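A short write-up of the structure that comes next.
The values are calculated or read from the model by the stated rules, or taken from the named source; none is laboratory data. These numbers come from a predicted model, not from an experiment. No Cβ is skipped: glycine too gets one built from the backbone with ideal geometry, and neighbour counts run over all protein chains shown. When the accessible area is computed, the model is the full protein with side chains, heavy atoms only, and any ligands, DNA or RNA have been set aside. Shrake-Rupley method; radii C 1.70, N 1.55, O 1.52, S 1.80 Å.
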Amino acid sequence: MKKFMLCTALLLCWVGIASAEKFDCVNLPFGKDLSEFNQENHFIKYKEKDGIAYYNYVGPCFLEQQTKLNVAIAYGFIDNKLYARFITIPNNDDAHADKDLIAKNISKKLGVDPKVYEDGDWYVMSWNLPEKQQKYKLKFNMKTKMSKSVYYYPLLRPNESDDKVDSDQ
């Protein structure tokens with residue numbers, strides 16, 4: 001009987017480990033609970049503001065941008081569910097990229113054209129992806145060449161206007 005209980009417990013542990021997901025930083029699991037993909041504790045919380053908990057990710061998944069530039073990446077969670085990924089690039093000159101090249105590349109990847117407007121020194125572009133229930137917003141500073149972007153899941157904040165969702169974290 002003890003051997004049976006031990007085998008059953010080990011089987012349940014193995015099934016639990018096997019069903020745990022690895023975090024995919026490229027194809028983000030928006031809306032999923034942090035506990036579903038953080039078994040190895042790769043997310044480190046550093047602040048909470050306006051109902052969003054902000055985390056650094058220190059795991060093995062990385063974005064192509066990280067092989068070419070010094071980027072700051074943070075993830076936002078609402079009620080422990082993945083809401084957004086924030087990326088800050090201090091100076092796009094290092095990548096020989098301007099706002100037009102960045103907009104072209106993002107539009108090609110997302111398959112839609114952005115809504116565009118200016119806000120002081122910032123050139124702001126936003127893409128709506130209704131079929132995925134996701135949005136992407138990029139701010140490019142015309143003087144400093146800094147860019148800030150947020151890729152987010154608006155269903156976790158359905159009453160938030162697009163202008164209030166900022167790429168500042």
Can you tell me which residue is farthest from PHE86 (Cα to Cα) among those in segment 119-148 that are open to solvent by 10 Å² or more (accessible area, probe 1.4 Å) and of a type in the set (Gly, Ala, Ser)? GLY120
How about segment 69-88: which of its residues are among the β-branched types (Val, Ile, Thr) and touching a Lys or Arg at 6+ places or on another chain (Cβ under 8 Å)? ILE73, ILE78, ILE87, THR88
Counted residues, segment 67-90 - those being part of a loop (DSSP other than H, G, I, E, B) and without any contact (Cβ under 8 Å) to a residue 40 or more places away in the chain: 4
Hey, does segment 19-41 have a residue that's modelled with pLDDT under 90, in a helix (DSSP H, G or I) and in contact with a Ser or Thr (Cβ under 6 Å, 6 or more places away or on another chain)? no
Search segment 16-40 for residues that are under 20 Å from PHE62 (Cβ atoms) and open to solvent by 40 Å² or more (accessible area, probe 1.4 Å) and pair each with any residue that is of a type in the set (Asp, Glu) and at pLDDT 95 or above when their beta-carbon atoms are under 7 Å apart and the residues are at least 6 apart or on different chains. GLU21/GLU36
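Are any of the residues in segment 79-93 open to solvent by 60 Å² or more (accessible area, probe 1.4 Å) and at pLDDT below 95?
Let us first name the residues in segment 79-93 that are open to solvent by 60 Å² or more (accessible area, probe 1.4 Å), namely 79-81, 90, 93.
From the residues that got through so far, the ones that are at pLDDT below 95 too are 90, 93.
Taking every residue of segment 79-93 in turn, at least one turns out to be open to solvent by 60 Å² or more (accessible area, probe 1.4 Å) and at pLDDT below 95.
On the basis of being open to solvent by less than 20 Å² (accessible area, probe 1.4 Å) and either at negative phi or not acidic (Asp, Glu) (or both), does ALA74 make the cut? Give the derivation first.
Values: open to solvent by less than 20 Å² (accessible area, probe 1.4 Å): yes; either at negative phi or not acidic (Asp, Glu) (or both): yes.
Yes.
Of the residues LYS108, LYS47, which is not aromatic (Phe, Trp, Tyr) and not in a strand (DSSP E or B)?
Working: LYS47 fails: not in a strand (DSSP E or B).
Result of the check over LYS108, LYS47: LYS108.
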Cβ-Cβ under 9 Å pairs, at least 6 apart or on other chains, segment 46-66 side farther than 23 Å from ALA95 by Cα, far side among the polar types (S, T, N, Q) and assigned to a strand (DSSP E or B): TYR46/ASN56
Members of segment 53-99 that are within 20 Å of VAL124 (Cβ to Cβ), out of contact with any Leu (no Cβ under 9 Å at 6 or more places or on another chain) and β-branched (Val, Ile, Thr): THR88
